[in-house]
1. Give the residues of the range 201-232 that are in contact with a helix residue (DSSP H, G or I) (Cβ under 8 Å, 6 or more places away or on another chain) and under 30 Å from residue 9 (Cα atoms), sorted by residue number.
2. Please give the strands (runs of 3 or more DSSP E) falling wholly within the range 1-71 in which 3 or more residues are away from the ligand (no atom under 13 Å from the Cβ).
3. Within the range 160-174, is even one residue within 16 Å of the ligand (Cβ to nearest atom), within 28 Å of residue 18 (Cα to Cα) and either surrounded by fewer than 21 Cβ atoms within 10 Å (Cβ to Cβ) or touching a residue at least 60 places away in the same chain (Cβ under 8 Å) (or both)?
4. Which residue is nearest to the chain's Cα centre (by Cα), if the candidates are limited to the range 137-158 and must be closer than 23 Å to residue 27 by Cα and more than 16 Å from the ligand (Cβ to nearest atom)?
5. Wholly within the range 81-144, which helices (runs of 4 or more DSSP H) include no fewer than the required count, namely at least 2 residues that are without any contact (Cβ under 8 Å) to a residue 24 or more places away in the chain and out of contact with any helix residue (DSSP H, G or I) (no Cβ under 8 Å at 6 or more places or on another chain)?
6. Residue 102 versus (1) buried (at least 17 other Cβ atoms within 10 Å of the Cβ); (2) under 19 Å from residue 164 (Cα atoms): which is the lone unmet condition?
7. Which helices (runs of 4 or more DSSP H) does the range 191-296 wholly contain that include 2 or more residues that are loosely packed, with under 14 Cβ neighbours inside 10 Å?
Ligand SMILES: Nc1ncnc2c1ncn2[C@@H]1O[C@H](COP(=O)(O)OP(=O)(O)OP(=O)(O)O)[C@@H](O)[C@H]1O
């Protein structure tokens, strides 16, 4: 398969801070990659670096894609704030010799056409930015938290458009996201943390590797005094992580061997709710943001 992106010894710094330090990473065309990491991990910096918008202190970050085939939505689009939305749309049509009436309608750009870009709300800007990223039907998408600011209606419109792209194996996507549904529909996950590559893998491989395939979710009265028992369970071979979202909730992650001891625990204690289900992208995002995780 052809390469989409090459990174070698990439170092991006600011003053004395290292923003990105990635020794080597090759991504292949046709992958739909969810780029995840906690706030400040370096996702935007990485996207800007591969687009050549950030000067690296060292190394190479290269996207192997003709500009014509590239669709980009970044956090900070830099238009003249005085430009009208209708002019942004016309400029895009002139540059690419192509427009997309269906997308224009989906994002209801007609109601924004007479407004100055600089006066738009966050969500309105996002609708314009997404139109500009997608209206020329690119084969490679670079998206930076594309749902930001969109209300429920427009987010659903966007998800429909995204689903069409994600159904097409000829399309490559690298999308920074904090949203479970966007991760769920991606083929791969690229996880960065504090500017470093944490892992890159197919989505389910990543979930199984870092969380296990299974989770047990318990809700109970705090006076039940379960802490010691949970600590013991955490020592079992198949148990990977314990997450405590609240004082009366625990989620244990692991493999199938988690099932039997959890059923025994449920028989022994009276839980308000108890479930055994598969891990999902939402769990992975909780891990990425270290939300309530007790290190194992
Ligand atoms: N122009 C800049 N100058 C100095 N530091 C910067 C600059 N841009 C980003 N940073 C720092 O680099 C780090 C990574 O920022 P970045 O925006 O890439 O994170 P992110 O993973 O996209 O975060 P978020 O999920 O919050 O959008 C942060 O610590 C941020 O403060």
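Read-outs throughout are calculated quantities, based only on the coordinates presented, and are distinct from any laboratory measurement. In this text the structure is predicted, and so the values were computed from the model without any measurement. Methodologically, a virtual Cβ is constructed for each residue, glycine included, from the backbone with ideal geometry; neighbour enumeration extends over all protein chains shown.
1. Result: 201, 203, 206, 207, 210, 211.
2. Fully inside the range 1-71 and qualifying: 3-14, 17-28, 58-63.
3. Checked against the condition, which is being within 16 Å of the ligand (Cβ to nearest atom), within 28 Å of residue 18 (Cα to Cα) and either surrounded by fewer than 21 Cβ atoms within 10 Å (Cβ to Cβ) or touching a residue at least 60 places away in the same chain (Cβ under 8 Å) (or both), the range 160-174 yields at least one hit.
4. For the range 137-158, the residue satisfying everything is 141.
5. Here the list reads 85-96, 101-106.
6. Against the list (1) buried (at least 17 other Cβ atoms within 10 Å of the Cβ); (2) under 19 Å from residue 164 (Cα atoms), residue 102 comes up short only on (1).
7. In the range 191-296, 203-210, 227-234, 259-268 are the helices (runs of 4 or more DSSP H) which contain 2 or more residues that are loosely packed, with under 14 Cβ neighbours inside 10 Å.
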